[in-house]
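Visitor: Quick one: the structure is below, and I'll ask about it shortly.
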Amino acid sequence: NMNDPLWHVRYLFQSLQHSFPQHFTPGRVLVADEEIIACKARSLMQQYNKSKHHIWGYKVNSLESDGYLLNFEIYLGKRLSKSNNSPAEIVQRLVQPYYGLSHWLIMDTFFTSVPLYQFLLSKKVYCVGTILSNRVGFPKELVTETKNLQQFQFTTRSTSNMCAIGFMDKKPVYLLSTIHNSTELGSITRHSTTGQKVIHQVHKAIEDYNSMRSGVDTLDQRRGYRHLGQVSRRPWPRMVWWAVDMAIENAYTLFDRKFPGKL
C-alpha cells in the first residue's frame, strides 16, 4: 500500500510485534517510554525531541520489561497519524495484552494523565509516573504547596485509589500513582557539595519511580553500544537497522536469562 509511509518495513515490524511478546514472560514492572531512531532524512514522520540523545529522528513508543522490548509503535507524525493516536490510546494498545495481570506500569509526563490511570486501574494495571501540573484532574492546591517547599520535602493528596505527590528537587516535580498511598516513605541518595552520599527521606513513589524508570533508556543505551545501523538518506533503512538491533538485544536478554553469566 503506497499510502502507508511504513510500507517498506510494515511486514517486518508486524512480525516482530507478534514475535517479541511470544518469547518472554515479563516481570512485575512494565515501562512505557519514547525513544528516537536517529535519522535526519526528510520525512513527514521526522520528530524533534531535545530531551533525547539523538534529537532528530523517528519516534518509537515502546513497552519494556527487564531489559526486553515487549511491544512498540512507530509514531507517524501529526499529519499522517490516525485519530486514535493520543498518548492514552497508545499506552492502552501497548499494554492491552497484560490487562488483568496486576502489573506495575511506569511512565513519564508524556503519557501520564488522571483519566488514563483511572482506566488502567479498572483493568488491574497499576501505574506510577511523573505528570505535568496542568493536566486535567491534578490537584491545583498541591502545586501551590509544592512551590513553597524546601529541597527534598514533599506533599501529597489522595483519594481512595490514587495518590498525587508534589516533590521539591532542584525544581518542583509532580507524580501520580495508583500503587502507593499517601503515607508510604522511601529514600533517595544524592551527593552533597563535598561529594559525600546523603540519604534523603522522600515519598515511596519517588524512590520506586527513580529505580524502575530507566528500563527503556537502558535498553536503548545498550543498543547504542553495538548497533549495526548504517548512514542513509532514506528513513526506512534506518528503521530496518533499528529493528535488527532490537531483535539482537532481545535475543541477548533471552539467552542471558536462560544461561546467566555465559555472555
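The values are calculated or read from the model by the stated rules, or taken from the named source; none is laboratory data. Everything numeric in this text was worked out from a predicted model, so none of it was measured. FYI the Cβ positions are ideal-geometry reconstructions off the backbone, even for glycines, and counts take in every protein chain you see. SASA here: full protein model, heavy atoms, side chains in, ligands and nucleic acids out. Shrake-Rupley method; radii C 1.70, N 1.55, O 1.52, S 1.80 Å.
Visitor: For residues that are aromatic (Phe, Trp, Tyr), open to solvent by less than 50 Å² (accessible area, probe 1.4 Å) and either touching a His at 6+ places or on another chain (Cβ under 6 Å) or modelled with pLDDT of 90 or more (or both), tally how many sit in region 227-249. Show your work before the answer.
Guide: From region 227-249, those aromatic (Phe, Trp, Tyr) are 236, 241-242; that's our starting set.
Retained after the next criterion (residues that are open to solvent by less than 50 Å² (accessible area, probe 1.4 Å)): 242.
Filter once more, keeping what is either touching a His at 6+ places or on another chain (Cβ under 6 Å) or modelled with pLDDT of 90 or more (or both): none.
Of the residues in region 227-249, 0 are aromatic (Phe, Trp, Tyr), open to solvent by less than 50 Å² (accessible area, probe 1.4 Å) and either touching a His at 6+ places or on another chain (Cβ under 6 Å) or modelled with pLDDT of 90 or more (or both).
Visitor: Name the pairs: first residue in region 1-22 and under 18 Å from ASN61 (Cβ atoms) and touching a residue at least 24 places away in the same chain (Cβ under 8 Å), second residue open to solvent by 40 Å² or more (accessible area, probe 1.4 Å) and not in a helix (DSSP H, G or I), Cβ to Cβ under 6 Å, at least 6 apart or on different chains?
Guide: PRO5/LEU80
Visitor: Ok, one more. Kindly indicate whether GLN47 is modelled with pLDDT of 85 or more, more than 16 Å from the chain's Cα centre (by Cα) and either in a loop (DSSP other than H, G, I, E, B) or not hydroxyl-bearing (Ser, Thr, Tyr) (or both). Can you show your working first?
Guide: Working: modelled with pLDDT of 85 or more: no; more than 16 Å from the chain's Cα centre (by Cα): yes; either in a loop (DSSP other than H, G, I, E, B) or not hydroxyl-bearing (Ser, Thr, Tyr) (or both): yes.
Against the criterion (modelled with pLDDT of 85 or more, more than 16 Å from the chain's Cα centre (by Cα) and either in a loop (DSSP other than H, G, I, E, B) or not hydroxyl-bearing (Ser, Thr, Tyr) (or both)), GLN47 does not qualify.
Visitor: For region 76-92, indicate whether the set of residues that are open to solvent by 30 Å² or more (accessible area, probe 1.4 Å), at positive phi and out of contact with any helix residue (DSSP H, G or I) (no Cβ under 6 Å at 6 or more places or on another chain) is non-empty.
Guide: Checked region 76-92: no residue is open to solvent by 30 Å² or more (accessible area, probe 1.4 Å), at positive phi and out of contact with any helix residue (DSSP H, G or I) (no Cβ under 6 Å at 6 or more places or on another chain).
Visitor: Pull out all pairs, ordered by first then second residue, where Cβ-Cβ is under 7 Å, the residues are six or more apart or on different chains, the first lies in region 244-263 and is under 12 Å from GLY67 (Cα atoms), and the second is among the small types (Gly, Ala, Ser).
Guide: If the second residue must be among the small types (Gly, Ala, Ser), the pairs left are THR253/GLY67.
Visitor: Right, something else. Applying the selection to region 50-75, what residues are modelled with pLDDT of 75 or more, open to solvent by less than 50 Å² (accessible area, probe 1.4 Å) and charged (D, E, K, R)? Full working, then the answer.
Guide: Quick first cut of region 50-75, residues modelled with pLDDT of 75 or more only: 57-75.
Still in the running and open to solvent by less than 50 Å² (accessible area, probe 1.4 Å): 57-65, 67-75.
Within region 50-75, LYS59, GLU64, GLU73 qualify.
Okay, residues lined up against (1) aromatic (Phe, Trp, Tyr); (2) closer than 30 Å to ARG190 by Cβ; (3) at pLDDT 95 or above:
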residue	(1), (2), (3)
VAL114	no, yes, yes
GLY137	no, no, no
LEU142	no, yes, yes
PHE152	yes, yes, no
PRO172	no, yes, yes
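Visitor: Going by the conditions given, is GLY224 open to solvent by less than 80 Å² (accessible area, probe 1.4 Å), assigned to a loop (DSSP other than H, G, I, E, B) and at pLDDT below 90? Quick ask: steps written out before the conclusion?
Guide: Numbers: open to solvent by less than 80 Å² (accessible area, probe 1.4 Å): yes; assigned to a loop (DSSP other than H, G, I, E, B): no; at pLDDT below 90: yes.
So GLY224 fails the test.
Visitor: Quick check: is even one residue across region 94-112 under 22 Å from ASP33 (Cβ atoms), open to solvent by 40 Å² or more (accessible area, probe 1.4 Å) and assigned to a helix (DSSP H, G or I)?
Guide: Let us first name the residues in region 94-112 that are under 22 Å from ASP33 (Cβ atoms), namely 94-99, 101-112.
Applying the additional criterion that residues be open to solvent by 40 Å² or more (accessible area, probe 1.4 Å) yields 96-97, 99, 101-102, 104, 109-110.
Pick out the ones that are also assigned to a helix (DSSP H, G or I) and you get 96-97.
Scanning region 94-112, I find at least one residue that is under 22 Å from ASP33 (Cβ atoms), open to solvent by 40 Å² or more (accessible area, probe 1.4 Å) and assigned to a helix (DSSP H, G or I), so the answer is yes.
Visitor: Identify all residues within region 189-218 that are surrounded by fewer than 18 Cβ atoms within 10 Å (Cβ to Cβ), of a type in the set (Val, Ile, Thr) and not in a helix (DSSP H, G or I); write none if there are none.
Guide: Those that are surrounded by fewer than 18 Cβ atoms within 10 Å (Cβ to Cβ), of a type in the set (Val, Ile, Thr) and not in a helix (DSSP H, G or I): THR189, THR193, THR194, VAL198, ILE199.
Visitor: Which one of the conditions (1) of a type in the set (D, E, K, R); (2) over 21 Å from the mean Cα position of the chain (by Cα); (3) at pLDDT 90 or above does ASP208 fail to meet, given that it meets all the rest?
Guide: Result: ASP208 passes all but (2).
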